[in-house]
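Data block below; observations after.
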Amino acid sequence: MKRSLAILLTLMLVVGLFAGCTPKQQTTTEGGNTPAETKPVEKRVMRIGIGLNEDHPQFKGLEKFKEELNKKVDTIDVQLFANSALGDDRAMMEGLQLGTQEGTCPSTAPIGNFVEEFKVFDFPYLFPDEASADKVLDGEIGQELLDSLSAKGMKGLVYWENGFRNLTNRQVEVRKPEDMKGLKVRTMENPIHLAAFRAFGANPTPMAFGELFTALQQKTVDGQENPIATIYYNKFYEVQGYTTLTKHLYSPFVFMISQKFWDESTPEEQEAIMEAAKIARDHERQLNREANETLSKELEANGMKVIELTPEEQQAFQTKAQAIYGEFAQGKIAEYLDRVQKELAK
Ligand code: KDG
């Protein structure tokens with residue numbers, strides 16, 4: 001009797017130990033009433049979060065990713081979260097590292113806090129147009145930087161598009177840097193952005209995107225800067241009077257998943273993830289470009305004044321921005337900047 005009790009206890013301990021050792025992979029199973037002989041498909045959950053809302057091309061891109069991935073494999077359950085439901089860009093990248101979520105799509109601006117070299121993409125007026133950005137981002141330089149994320153626990157898949165950023169504010173018709181004097185402007189968490197806005201004469205302050213609308217509404221800040229699609233889909237026209245088409249920075253997104261999720265994927269799944277990410281990228285870029293082309297009119301229809309700058313006016317902003325290049329183009333960032341500029345000159 002004693003012996004069988006000992007065996008039973010040992011068995012329970014072994015089973016318990018094994019249960020403890022199984023990788024903590026969150027799984028879901030498809031379909032409840034499968035016949036006994038067919039094993040239910042075990043799905044790994046891929047939670048992807050972004051700061052923007054469901055109307056934005058970025059979210060449409062994620063829906064496309066999910067649809068394409070589902071066509072190729074049935075072992076991954078993609079779950080999408082908009083509106084900073086999983087946190088801001090920085091917190092979500094930390095979430096990939098900690099394993100509390102599997103995917104996100106931040107602007108490059110906060111990525112510089114994880115991999116310094118990423119700051120190369122955040123120099124104002126670096127890319128003259130979308131085609132030049134695509135050339136660098138989808139080429140060798142872009143790939144090298146994506147690869148550098150792996151050492152930080154993040155697998156950079158491809159670049160999507162946030163787009164050319166423009167200034168909005170509540171009270172001033174900004175046409176030249178001097179008009180920005182003393183204006184409290186929210187920027188992303190990036191030292192180059194902060195320096196650029198100081199150089200323009202503004203009083204910049206970094207803030208998470210999720211807090212921005214309320215900050216504008218409560219007048220904690222006077223203005224902010226984002227691409228037209230974001231200004232429109234986030235209804236900033238309800239709390240801002242003016243958009244100046246400064247186009248001061250082409251802002252890329254990096255679509256990334258956790259390195260752990262990638263490493264635990266089969267080669268077939270990895271191929272499917274990569275293919276779906278690329279199809280979704282093309283879809284998202286196209287929607288975003290259409291939105292940026294057409295939505296200025298909608299901003300005006302919603303009571304905003306949209307200010308186009310003459311080439312001379314634009315140049316005045318560019319000259320101010322140029323003055324901060326030296327301070328940030330140091331070490332590895334300087335090397336990358338040089339390579340990007342050579343690539344653009346080709
Ligand atoms: O989903 C992306 C957003 O979290 C953020 O990157 C948007 O450009 C952005 C900003 O200003 O924070």
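The table below lists the values:
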{"quantity": "Criterion (of a type in the set (Lys, Arg), touching a Phe, Trp or Tyr at 6+ places or on another chain (Cβ under 6 Å) and at negative phi) met by exactly one of 285, 289, 281", "calculated": "281"}
{"quantity": "Tabulated pairs, region 63-89, first in contact (Cβ under 8 Å) with a residue 60 or more places away in the chain and open to solvent by 70 Å² or more (accessible area, probe 1.4 Å), second within 16 Å of the ligand (Cβ to nearest atom) and part of a loop (DSSP other than H, G, I, E, B), C-beta under 7 angstrom, 6+ apart or interchain", "calculated": "83/53"}
{"quantity": "Residue satisfying condition, being closer than 23 Å to residue 41 by Cβ and open to solvent by 10 Å² or more (accessible area, probe 1.4 Å), within set 103, 99", "calculated": "99"}
{"quantity": "Residue 307 being of a type in the set (A, V, I, L, M, F, W, C), farther than 22 Å from residue 198 by Cα and in contact (Cβ under 8 Å) with a residue 12 or more places away in the chain", "calculated": "no"}
{"quantity": "Subset of region 38-59 [of a type in the set (Val, Ile, Thr) and away from the ligand (no atom under 16 Å from the Cβ)]", "calculated": "38, 41, 45"}
{"quantity": "Scope region 192-212; condition more than 11 Å from the ligand (Cβ to nearest atom) and in contact with a helix residue (DSSP H, G or I) (Cβ under 7 Å, 6 or more places away or on another chain); matching residues", "calculated": "192, 195, 196, 199, 200, 201, 202, 204"}
{"quantity": "Segments classed as helices (runs of 4 or more DSSP H), wholly inside region 78-151, with at least 3 members that are more than 24 Å from residue 230 (Cα to Cα)", "calculated": "89-98, 140-148"}
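Conditions (1) under 21 Å from the mean Cα position of the chain (by Cα); (2) modelled with pLDDT of 95 or more; (3) surrounded by fewer than 21 Cβ atoms within 10 Å (Cβ to Cβ), marked per residue:
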| residue | (1), (2), (3) |
| --- | --- |
| 210 | yes, yes, yes |
| 217 | no, yes, yes |
| 227 | yes, yes, no |
| 232 | yes, yes, no |
| 241 | no, yes, yes |
| 253 | yes, yes, no |
| 289 | yes, yes, yes |
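The values are calculated or read from the model by the stated rules, or taken from the named source; none is laboratory data. Note that the structure is predicted; figures quoted are calculated from it, not measured. FYI the Cβ positions are ideal-geometry reconstructions off the backbone, even for glycines, and counts take in every protein chain you see. Ligands, DNA and RNA are excluded from the accessible area calculation, which covers all protein heavy atoms including side chains. Shrake-Rupley method; radii C 1.70, N 1.55, O 1.52, S 1.80 Å.
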